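This report refers to the structure that appears directly beneath it.
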Amino acid sequence: MAGPGVHVLVLEDSVLVAMAIEEELAERGHAVTLAATVAAAQMHAGLDHFAVALLDLHLPDGTPFEVARDLERAGCRIALVSGADVDGVPAELGHHTLFQKPVTPVRLADWVDAMAAAG
C-alpha cells in the first residue's frame, strides 16, 4: 500500500462481492465498513469518518445518490460501481470515478490506495 490505511465505506448488496472487497482492503491496512442497503449506509451517522467510499449504484432499496452527496460534503472520495447502465447518475455526481462491473477487488483496492496516498 502506498499510503496510510483509511476508513472505507463499501456499499454493496452482494455479500460475496462485499466480502472479497473487504478482505482485499483489510489486507492493505484499511478499515472497512460494509453496508448492503442505502438505509444501512445512512445509519453511519454523518458519514464524516470515511475517507473513501465504494458505492454500488443499484441496491435493493434504491440508489446511493443521497449517501454520495452526504459523503461528498464530508470530504470523502467516492467511486461509483455499476454493472448496469449509468445514465441515471445525476450530473452533480458525474465527476466521481466510475467502475463498470465486473471489476476485481484488487482494482478497487488499488484505487483506494491511490486515494489514501493522495490524502
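Probing with 1.4 Å while keeping every protein chain in the model, the per residue accessible area of segment 1-89 equals 46 Å². Once neighbouring chains are kept in place and the probe is 1.4 Å, which whole percent of the accessible area of the chain is contributed by carbon and sulfur? Carbon-and-sulfur percentage of accessible area, whole number: 57.
Each label point was placed 7 Å from the Cα along the Cα-to-Cβ direction; for residue 84 and residue 96 their separation is 1.6 nm.
Between residue 114 and residue 73, the contour length at 0.36 nm per residue exceeds the alpha carbon distance by 12.7 nm.
Can you tally the net charge around residue 95? Count Lys and Arg as +1, Asp and Glu as -1, for every other residue whose Cβ sits under 15 Å from the Cβ of residue 95.
Combined, the nearby Lys, Arg, Asp and Glu give +1.
Site pair residue 43 and residue 19 shows an inter-label distance of 1.9 nm when each label is modelled 7 Å from Cα along Cα→Cβ. A value for log10 I(q)/I(0) by the Debye sum over Cα atoms at q = 0.10, 0.22 Å⁻¹ was derived from the coordinates, and within the list [x] -0.39, -1.26; [y] -0.43, -1.17; [z] -0.25, -1.36 it appears as [z]. Whole-Hz Karplus values for segment 61-75 come out as 10, x, 9, x, 5, 5, 4, 4, 5, 4, 5, 4, 4, 8, x Hz, taken residue by residue from phi with 6.51 cos²θ - 1.76 cosθ + 1.60 and θ = phi - 60°; glycine and proline positions read x.
The values are calculated or read from the model by the stated rules, or taken from the named source; none is laboratory data. Please read all numbers here as calculations on a predicted model, not as lab measurements. Reconstructed Cβ throughout: ideal geometry from the backbone, glycine too, with neighbour counts over all protein chains shown. Just so you know, the surface numbers come from the protein's heavy atoms only, side chains and all, with ligands and any DNA or RNA stripped out. Shrake-Rupley method; radii C 1.70, N 1.55, O 1.52, S 1.80 Å.
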